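The values are calculated or read from the model by the stated rules, or taken from the named source; none is laboratory data. In this text the structure is predicted, and so the values were computed from the model without any measurement. Every residue, glycine as well, gets a Cβ built from its backbone with ideal geometry; the counts of neighbours run over all protein chains shown. Only protein heavy atoms, including side chains, enter the accessible area calculation; ligands, DNA and RNA are left aside. Shrake-Rupley method; radii C 1.70, N 1.55, O 1.52, S 1.80 Å.
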Amino acid sequence: MTVMTINVNGVARTVDVDPATPLLWVLRDVLGLTGTKYGCGIEICNACNVWIDGSAEKACHLLMKDVLTVKIVTVEGLATNGVLSKIQQAFIDEQTPQCGFCQSGVLMRAAKLVNGNAKPTDAQIDAAMANICACGTYPRIRAAIKRATGQAPVV
Amino acid sequence: MSDQLFKNGAELINTNVSRRAFMAGSVGTVLAFVLESSMPGSVANAAGAGTKISGYLTINPDNTVTVAFGGAEMGQGIMTGLAQCVAEELMVDWSQVKTESAPWAQSYITGGSFGVRANFVAMRTAGAQAREMLISAAATSMGVPASSCTASAGVITNTLNSQTRTFTSVAADAALLTPPASPALTPKANWRIIGTRANRTDIRGKVDGSAIFGLDVQVPGMVYAAVRHSPAIGGTLAATPKLPAGATHVINLGNAVAVVASHSWIPLDYCAIGISSTSSTWRDGIKWTAPAGAAAMTTAAILSTGNTLMASGTPGSPLAENIGTAAANYTAAPKKFEGTYQVPFLPHVMMEVPNCTVSLSTNSAEVWAPTQAAGWVASTVAALTGIPTANVTVHITLLGAGLGRKIEQDFIAEAVKVAKIVGKPVKLFWPREEDLSQDQYRPFGLIRVRLGMDASGTPTAFQARNVSVSPLFQRGWIGATGNDNVDGLVDSPYNIPNKLVEFVRHPSTIPVGFWRSVGESMNCFALESAIDEAALIAGQDPVAFRRTLLAGKTRELGVLNAAATMIGWDAGAPAGHAYGIALASGFGSLACLALEVSQPAAGSLTIHRACMAVDPGMAVNPTQVEAQMQGGIIQGLTSALWGKTTFANGKASSKNFNNVRLLKMSESPAIQVQIIESGIQYLGGIGEVGVPPVAPALANAYARLNGTRVRTLPFF
């Protein structure tokens, strides 16, 4: 066990855990930020996506000792003072989530996409959205991304 | 408390505020009601006896209302749909409505696409009763007759002098009144909320990270446990392993080992890693004792037994369907088709793995679980602890999908056993590898279809034999000669004068369960593929062939023609592409799917478009009907293309998303959904009917693309 401080959603958080613990479990079990999900644990499903210095990364395999000097943003950090970001609001407007379990990871990737690309094309959306959604919300994820970027809705 | 049972099954009970305040910490006035059973006449429901309260309505201090319901919200929108029904009659605006899960509901099992259709009248009645009680209390308060009062947006107005009362201000008085026996229900023409695209009530938490699924539950003093089961199903732990570093407990559960620690990672790391090993030993030299009869739990042996049963097995009694003289008619028919279709064991693949949090006290228990059967959870706790079910509180969390898997009690029981030993609240969860390798799978099955046709190619005899493993038999719900897995074969909409449907039970002990659309998931593939194959023999277009067989069936023709029109069937597919179509009838609804496919390279398929026409009688919420169709198509494609679990000596092939492939966004077709509403009297379910037509539509398109008929799933 080691006392360490990490920056999560702009706040310094001090935890006492094994430095080899994946960030995912520190966020969830220690810090109570349960929006970030465990889906597969092997870096495939993307349910555990967080931002590391602005890049969407998989928290299931990021070790605590490797995230001590970076800025971490989780789904709980997408809204500002309770005001949803444009992509979150678009997910509501398009009624995107079904069961919702994968949606935190979906949102982290979608938010990253629309923040860096004013008008993502369908191909760019396909390339960016590597998440697995077993409910099959893909059409509504696409529609939400288009809505958030002021593009015409898709069928 | 007064209780008045109505003919529609709704019951409204007055209660006081204290219980509600205890449950969620907010003060309001509670009106509780009982709902109709979730699965009328089903075996499952018979086991769910117990409590009387399935839901309640709270009038909040801010003049909003909270509709609580004891079903499982697993993405299908059940909370929203039922709250729409209550709000419609209660005369509140949709913006005033919240929903929450009722903390226990021992009579409610969420399944069978019954949620909205079975409770549609009950929920409206409950809302109307509450409205009339609120109006009555307000009228007394204002000293005027109730007949002079109207309710709108949560405010009661005395039309004589425009005096008003909010719901909140009269709720306490209203709760003391006797619920009216026959409250007036709002006619369809005046509906404001039912039938609209009301936003889901559970979305906000799902986009800001605050939604609490079972896996997210945290209670004071809790510890975390993960499990690792015998790799061979039914095997046992030969000896309790030594305590892993960092863990507080290692527990021998017989067929599994549980590891407990102060957070999830150590148990997960211990239980998930090493699963790729095929040896009988595993981490730290743990030895498993192989189950008896392991060799029989091998895919090739299971298939061989299935083929034998197809040829000579004894069908269930009475025959699942026996109309006319199908066998003799088939034998004499001048044109014939026979084909045998094969479907694999199929994992459910929920994004949220099985999990359960349990806190035990001396004579009471509290459980937080993503469960489709809260009543069974209470019974499971009682059976393992001796705590009476009345002292068991079950909190139904959000479900990160259920798909039929989360009706089961295996993961619940493990959590209870571990909590007993640890003596602290425990959250037990399964690593993904355990979820996919220890599922209760959609059954393996063989389905033989025979169609006898007259000289003109019109079918006159339909024979089907389903040989499959039976979830009902494995649970003891049917006897050795009972029928199972025949939905989608019996009561088919096709006008064929002679019909014979048989079920032959496969004795495999691979655990099987209820998978979204159950029997339809296998039988629709067989039947709708066979119809296309017979059309080919008859020299007819598949859509025209179906139209002939559906003469006079207005609703079936409606979805068939709509799907064909959407895809542009008559104009034909673009060069190098092909269309395929299939019809599903089940869960009270009809769904017809047309697909456009091409095969740019061997070993894959490109699905360009999916056009679904669905007739649920009436869409309580069109957005949610569309969402269920979109999701059903995508899940159906995933399953048809890649879905399977094979077994070698009881060991499952499926482990994690590195060998269980799911369709991704880039692979998903453009989806068009058309809702046909043929009448409220046909109100059907929408959670499952979108899945069954996918595999046969794909197989039919594939056959038309390159002449190759796929009779065995998955494609790849």
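Below, the figures for the structure above:
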| read-out | value |
| --- | --- |
| Compactness relative to 2.2 N^0.38 Å, alpha carbon Rg of the protein assembly as shown | 0.95 |
| 5 angstrom amide H check on B:ASN60, placed H, neighbours 5+ away | B:VAL65, B:THR66 |
| Alpha-carbon centroids, the stretch B:619-635 and the stretch B:407-461: separation in whole Å | 23 Å |
| Buried accessible area, chains B and A (both chains, 1.4 Å probe, Å² to nearest 100) | 4400 Å² |
| Per-residue HN-Hα couplings for the stretch A:15-25 [Karplus 6.51, -1.76, 1.60; θ = phi - 60°; Hz; x = Gly/Pro] | 9, 10, 9, 5, x, 8, 6, x, 3, 3, 7 |
| Straight-distance crosslink candidates among lysines, where the alpha carbon sits under 17 Å from B:LYS499 and sequence neighbours closer than 8 are dropped | B:LYS335, B:LYS336 |
| MRE, 222 nm, helices only [DSSP H, n ≥ 4, -39500 (n - 2.57), over chain B, to nearest 500] | -9000 deg cm²/dmol |
| Kyte-Doolittle at least 1.6, axis length at least 24 Å by Cα - qualifying DSSP helices, chain B | none |
| Percentage relative contact order, the stretch B:309-464, counting C-alpha pairs under 8 Å, at least six apart | 37 percent |
| Phi-based couplings in Hz for the stretch B:568-582 (Karplus 6.51, -1.76, 1.60; Gly and Pro marked x) | x, 4, 5, 6, x, 7, x, 4, x, 10, 8, 9, x, 9, 7 |
| Efficiency of FRET from Cβ geometry, B:TRP642 and B:THR289, R₀ 45 Å, rounded to 0.05 | 0.85 |
| Neighbouring partner chain Cβ atoms per residue of B:420-433, average, 10 Å criterion | 1 |
| Kirkwood Rh, angstrom, chain B [1 / mean 1/r, Cα pairs] | 27.1 Å |
| Size of electric dipole in the stretch A:2-74: Cβ of Lys, Arg +1 and of Asp, Glu -1, about Cα centre, debye, nearest 20 | 160 debye |
| Centroid-to-centroid separation of the stretch B:684-703 and the stretch A:16-91 [C-alpha atoms, Å] | 37 Å |
| Proximal aspartates and glutamates relative to B:LYS420, as straight alpha-carbon distance under 17 Å, when same-chain residues fewer than 8 apart are discounted | B:GLU366, B:ASP410 |
| Mean Cβ neighbour count within 10 Å, used as a protection proxy, ranking B:490-496, A:41-47, B:473-479, B:511-517 highest first | B:511-517, A:41-47, B:490-496, B:473-479 |
| The stretch A:86-148 - Debye-derived log10 I(q)/I(0), Cα point model, q = 0.11, 0.16, 0.23, 0.24 Å⁻¹ | -0.19, -0.41, -0.88, -0.97 |
| The stretch B:186-201 - phi-based ³J(HN,Hα) in whole Hz, Karplus 6.51/-1.76/1.60, Gly and Pro as x | 5, x, 3, 4, 9, 5, 9, 10, 5, x, 9, 8, 4, 5, 5, 7 |
| Accessible-area composition of the protein assembly as shown, carbon plus sulfur, in percent [1.4 Å probe] | 54 percent |
| Accessible area per residue in Å² at 1.4 Å probe, computed on the protein assembly as shown | 34 Å² |
| Reachable lysines from B:LYS98, criterion Cα separation under 17 angstrom, eight or more residues apart if same chain | B:LYS206 |
| 21 Å Cα-Cα threshold exceeded, pairs from B:LYS242/B:LYS651; A:LYS86/B:LYS664; A:LYS112/B:LYS664 | B:LYS242/B:LYS651; A:LYS86/B:LYS664 |
